[in-house]
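Working notes for the structure below.
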Amino acid sequence: ARHLYICDFHKNLIQSVRNRRKRKGSDDDGDSPVQDVDTPEVVDLYQLQVNTLRRYKRHFKLQTRPGLNKAQLVEIIGCHFRTIPVNEKDTLTYFIYSVKNDKNKPDLKLDSGVH
């Protein structure tokens, strides 16, 4: 049997999502509910290159005036990015499936060109 393992970073990420779900729905103690369960993590779009921001804008056909600087692009793209709905369960399921089936690795030609 071939075993595939998930790296520690992604394993911890999955566990933290599972723990947040449990805390959100459980009323074991009388304390106030966890406040930041549904708050998405902040994505720092400033770390992206301007060309990447422009490709995002073009891909989603965002209407903007020409000649925007990086700060303006980040603001517009950030507003759009936050409006995209994400089904967390489906996303995690697909991620785990991809990792287990090596979908994240490029296809390697092992026969060195012989068909």
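The values are calculated or read from the model by the stated rules, or taken from the named source; none is laboratory data. In this text the structure is predicted, and so the values were computed from the model without any measurement. When we count neighbours, we look across all protein chains shown, and the Cβ atoms used for this are built from the backbone with ideal geometry, even at glycine. For accessibility, only protein heavy atoms count, side chains too; no ligands or nucleic acids. Shrake-Rupley method; radii C 1.70, N 1.55, O 1.52, S 1.80 Å.
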Output for Cβ contacts, cut-off 8 Å, separation at least six or different chains, first residue within 20 Å of residue 7 (Cβ to Cβ) in region 85-102, second assigned to a loop (DSSP other than H, G, I, E, B) and open to solvent by 60 Å² or more (accessible area, probe 1.4 Å), reads 97/103; 98/104; 99/4; 100/4; 102/4
Checked region 58-67 for anything surrounded by fewer than 10 Cβ atoms within 10 Å (Cβ to Cβ) and within 15 Å of residue 84 (Cβ to Cβ); matches are 59, 61
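The rows are residues; the columns are (1) at pLDDT below 90; (2) of a type in the set (Asp, Glu); (3) surrounded by 10 or more Cβ atoms within 10 Å (Cβ to Cβ).
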| position | (1), (2), (3) |
| --- | --- |
| 29 | yes, yes, no |
| 33 | yes, no, yes |
| 38 | yes, yes, no |
| 41 | yes, yes, no |
| 45 | no, no, yes |
| 56 | no, no, yes |
| 69 | no, no, no |
| 79 | no, no, yes |
